[in-house]
Amino acid sequence: MNNSNKGGFVASRWLRLMPIVFVTYSLAYLDRANYSFGAAAGMAKDLHISAGMSSLLGALFFLGYFFFQVPGAHYAENKSAKKLVFGSLILWGLLATATGIVHNVHFLIVIRFCLGVVESAVMPAMLVFLSHWFTKKERSRANTFLILGNPVTVLWMSIVSGYLVSAVGWRWMFIIEGLPPIIWAFFWWKLVNDKPSETNWLTSQEKKELESALHEEQKGLKPVKNYGEAFRSPLVIRLCLQYFFWSIGVYGFVMWLPSIIKAAPDMSMVATGWLTSVPYVLAVIGMLTASYFSDKTQNRKAFVWPFLMVGAVAFYASYLLGADHFWISFILLIIAGGAMYAPYGPFFAIMPEILPRNVSGGAMALINSMGALGSFAGSYIVGYLNSFTGGFGASYIFMAGSLLLSAILTMTVGRSRKPAESSTEGKLEVSTR
């Protein structure tokens, strides 16, 4: 294949697949993050939800999210990511819409938990899907375009939800924002295939070259018999702990930022929506930049821990300023938000580069499961600390400490080795240096 044809081949995969992947994960994130707006806009008052119960409801999603990550990855790898995501889109859209019609907190508990269960398969399924379509040199950027749906969705969702809540109330906000995933499911089904060999928009030569490149990557990896062997790997265990603490900071921030901003004097819901969106602009820039240089240098670790350290320092500095300096504190929160999101692409590029395909999806799912537990802890404990202390200082310290631990754990993952080293450990460390 000549260079011009090769360039078109690369471009065709990005142009056809990444918009679909981006929209799909964006819709998943919409229906988990808009709860924070409902909570800030009168849901608790209308349903007689206490502050403690509100924190639990915000966190219950992640408890459901924890349980079905590994089965979802196994199904996606061995059967079909396409089918799994299609069913999930319809179910989570229905559950999100149902949030807007509940009149009893007990039904809301069930819905939030089930929403987490349904969405739990989406992230590992999408990571598996991308690993079938993009090579090692592209993977950090491919993962970034997937996870970019997270901050970009929160950005526009914050603005739109602020207007919807003001115009039609929190119930209709949930109902309206729950419909797009159901519609999009049928676009997803029509537009994607699980593997390059199943598509009709690549030539036979293009399919062969892509499959050959992906197969070559697998040859350099030591065989791992099953999930049990992979899950006992010290690296996988450390990355699980790292992602747990990282997720505490991220979801404590995502779930409670609207309430933190709304607490400022004379702050309307529309203004809250606009201000809540600002950190995610920086997040998008950071994610694109980090993933580009991570793929360019084939260095993963160096584009993870420094950002987490910056996030920890920004949260701590915001705590030191206190509530009397809202705007300076808000700027620091913007920095913290952007820094926490930037490393996602490089981070999720690690597993497919150190474990063979039969277990890498499961390992990513296990790590994401621990992230779900961290998300549960972050959203619940941050809410509890805010309620218990009557302010946000304690939660800033909690999130700063969690990000600091995550950065330290990342720094302990591997040492730089030369690619020429043939041992399994050497290959592993080259991927994570």
Item checked: Number of positions in the range 283-296 that are in contact with a Phe, Trp or Tyr (Cβ under 8 Å, 6 or more places away or on another chain) and open to solvent by 50 Å² or more (accessible area, probe 1.4 Å) -> 1
Check: Got a sec? Which helices (runs of 4 or more DSSP H) wholly within the range 98-169 have at least 2 residues that are open to solvent by 10 Å² or more (accessible area, probe 1.4 Å) and more than 24 Å from LEU275 (Cα to Cα)?
Finding: 105-119, 136-147
Next item on the list: Considering each residue of the range 315-329, count those that are in a helix (DSSP H, G or I) and touching a helix residue (DSSP H, G or I) at 6+ places or on another chain (Cβ under 7 Å), and give that number.
Entry: 8
Next item on the list: Just give me the residues in the range 38-73 being closer than 30 Å to GLY228 by Cβ, at pLDDT 75 or above and either buried (at least 18 other Cβ atoms within 10 Å of the Cβ) or of a type in the set (Val, Ile, Thr) (or both), in sequence order.
Entry: LEU60, PHE61, PHE62, LEU63, GLY64, TYR65, PHE66, PHE68, GLN69, VAL70, GLY72, ALA73
Notebook entry, point to check: Could you count how many residues in the range 170-202 are among the β-branched types (Val, Ile, Thr), touching a residue at least 40 places away in the same chain (Cβ under 8 Å) and not in a helix (DSSP H, G or I)?
Noted result: 1
Note to self: I need the full set of residues from the range 38-60 which are under 16 Å from GLY100 (Cα atoms) and of a type in the set (A, V, I, L, M, F, W, C), in order please.
What the structure shows: ALA39, ALA40, ALA41, MET43, ALA44, LEU47, ILE49, LEU57
Next item on the list: Out of the residues in the range 385-399 that are open to solvent by 50 Å² or more (accessible area, probe 1.4 Å) and of a type in the set (Phe, Trp, Tyr), state the one that is nearest to GLY249 (Cα to Cα).
Entry: PHE398
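Please specify each residue of the range 169-197 satisfying the condition of being among the β-branched types (Val, Ile, Thr) and within 20 Å of LEU94 (Cβ to Cβ).
Scanning the range 169-197 gives ILE175, ILE176, ILE182, ILE183.
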Next item on the list: Filter the range 139-159 for residues that are under 23 Å from GLU216 (Cβ atoms) and in contact with a Leu (Cβ under 9 Å, 6 or more places away or on another chain) and give the result.
Entry: ARG139, ARG141, ALA142, ASN143
Notebook entry, point to check: Has the range 353-370 got at least one residue that is within 23 Å of ALA230 (Cα to Cα), open to solvent by less than 20 Å² (accessible area, probe 1.4 Å), hydrophobic (A, V, I, L, M, F, W, C) and not in a helix (DSSP H, G or I)?
Noted result: yes
Next item on the list: Kindly list the number of the only condition in (1) of a type in the set (A, V, I, L, M); (2) farther than 24 Å from ASN299 by Cα; (3) under 16 Å from the mean Cα position of the chain (by Cα) that fails for VAL128.
Entry: (2)
Next item on the list: Return the only residue of GLY378, GLY345, GLY401, GLY338 being touching a Gly at 6+ places or on another chain (Cβ under 6 Å), assigned to a helix (DSSP H, G or I), at pLDDT 85 or above and not aromatic (Phe, Trp, Tyr).
Entry: GLY338
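Yes or no, residue by residue, for (1) of a type in the set (A, V, I, L, M, F, W, C); (2) more than 27 Å from ASP324 (Cβ to Cβ); (3) part of a helix (DSSP H, G or I); (4) within 20 Å of the chain's Cα centre (by Cα):
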residue	(1), (2), (3), (4)
ALA213	yes, yes, yes, no
VAL236	yes, yes, yes, yes
PRO258	no, no, yes, yes
VAL270	yes, no, yes, no
THR276	no, no, yes, yes
Notebook entry, point to check: Would it be correct to say that ALA121 is under 18 Å from GLY87 (Cα atoms) and more than 11 Å from the chain's Cα centre (by Cα)?
Noted result: yes
Check: For the subset of the range 278-316 comprising residues that are of a type in the set (A, V, I, L, M) and over 17 Å from the mean Cα position of the chain (by Cα), which member is nearest to SER26 (Cα to Cα)?
Finding: VAL278
Next item on the list: Kindly indicate whether any position in the range 76-88 is out of contact with any Gly (no Cβ under 6 Å at 6 or more places or on another chain), assigned to a loop (DSSP other than H, G, I, E, B) and open to solvent by 10 Å² or more (accessible area, probe 1.4 Å).
Entry: no
Check: Is at least one residue of the range 44-65 among the hydroxyl-bearing types (Ser, Thr, Tyr), touching a helix residue (DSSP H, G or I) at 6+ places or on another chain (Cβ under 9 Å) and more than 18 Å from LEU373 (Cα to Cα)?
Finding: yes
Check: Which residue, of GLY228, GLY252, is surrounded by 17 or more Cβ atoms within 10 Å (Cβ to Cβ), out of contact with any Pro (no Cβ under 9 Å at 6 or more places or on another chain) and among the small types (Gly, Ala, Ser)?
Finding: GLY252
Note to self: So, in the range 38-70, exactly how many residues are in contact (Cβ under 8 Å) with a residue 24 or more places away in the chain, more than 18 Å from the chain's Cα centre (by Cα) and part of a helix (DSSP H, G or I)?
What the structure shows: 12
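The values are calculated or read from the model by the stated rules, or taken from the named source; none is laboratory data. Here the structure is a predicted model, which means the values were calculated and not measured. A quick note on method: Cβ atoms are made from the backbone with ideal geometry, for glycine too, and the neighbour counts reach across all protein chains shown. Calculation scope for accessible area: heavy atoms of the full protein, side chains included, ligands and nucleic acids excluded. Shrake-Rupley method; radii C 1.70, N 1.55, O 1.52, S 1.80 Å.
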